[in-house]
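The values are calculated or read from the model by the stated rules, or taken from the named source; none is laboratory data. The model shown is predicted, which means the values in this text are computed figures rather than measured ones. A quick note on method: Cβ atoms are made from the backbone with ideal geometry, for glycine too, and the neighbour counts reach across all protein chains shown. Quick note on the areas: whole protein, heavy atoms, side chains included, nothing else; ligands and nucleic acids left out. Shrake-Rupley method; radii C 1.70, N 1.55, O 1.52, S 1.80 Å.
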Amino acid sequence: MRLDKYLKVSRLVKRRTVAAELCQGGHVKLNGQTAKPAAEVKPGQTLELRFGNRLLTVKIAQTPEKAVPAQLADTLYEVVQEIQLQPAPRENPL
């Protein structure tokens, strides 16, 4: 399954176009490597997503053939780590 589609089906990202933009912007890593939207995902791989000041690491448990109900979406992955990153300090212009 394509990475952008997996992000949408698993409901880690709300829309597939947003998932593709995250990948193209370098905010998604698959097994430690920056991944493109068309990268193939398989169970057992590690996925790292950066949303603003949040870093989410998940292990892919399943890759379904088609969309799954919202209640089952969280069974497609296991959260390994979730970190709140500190925002970069702003420089004082004075």
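Only one of (1) in contact (Cβ under 8 Å) with a residue 24 or more places away in the chain; (2) surrounded by fewer than 15 Cβ atoms within 10 Å (Cβ to Cβ) fails for PRO89. Which number is that? Only one criterion in (1) in contact (Cβ under 8 Å) with a residue 24 or more places away in the chain; (2) surrounded by fewer than 15 Cβ atoms within 10 Å (Cβ to Cβ) is unmet by PRO89, namely (1). When the residues of region 70-94 are filtered to those that are among the acidic types (Asp, Glu) and touching a strand residue (DSSP E or B) at 6+ places or on another chain (Cβ under 8 Å), the one that is modelled with the lowest pLDDT is GLU82. Taking strands (runs of 3 or more DSSP E) as the structural unit, those lying wholly within region 1-72 and holding at least 2 residues that are open to solvent by 70 Å² or more (accessible area, probe 1.4 Å) correspond to 54-60. Exactly one condition in (1) farther than 12 Å from SER10 by Cα; (2) at pLDDT 90 or above is not met by THR63; state its number. In the conditions (1) farther than 12 Å from SER10 by Cα; (2) at pLDDT 90 or above, THR63 misses (1) alone.
Only one entry of ALA70, ALA19, ALA38 meets the criterion of being touching a residue at least 40 places away in the same chain (Cβ under 8 Å) and touching a Lys or Arg at 6+ places or on another chain (Cβ under 7 Å), and that entry is ALA70.
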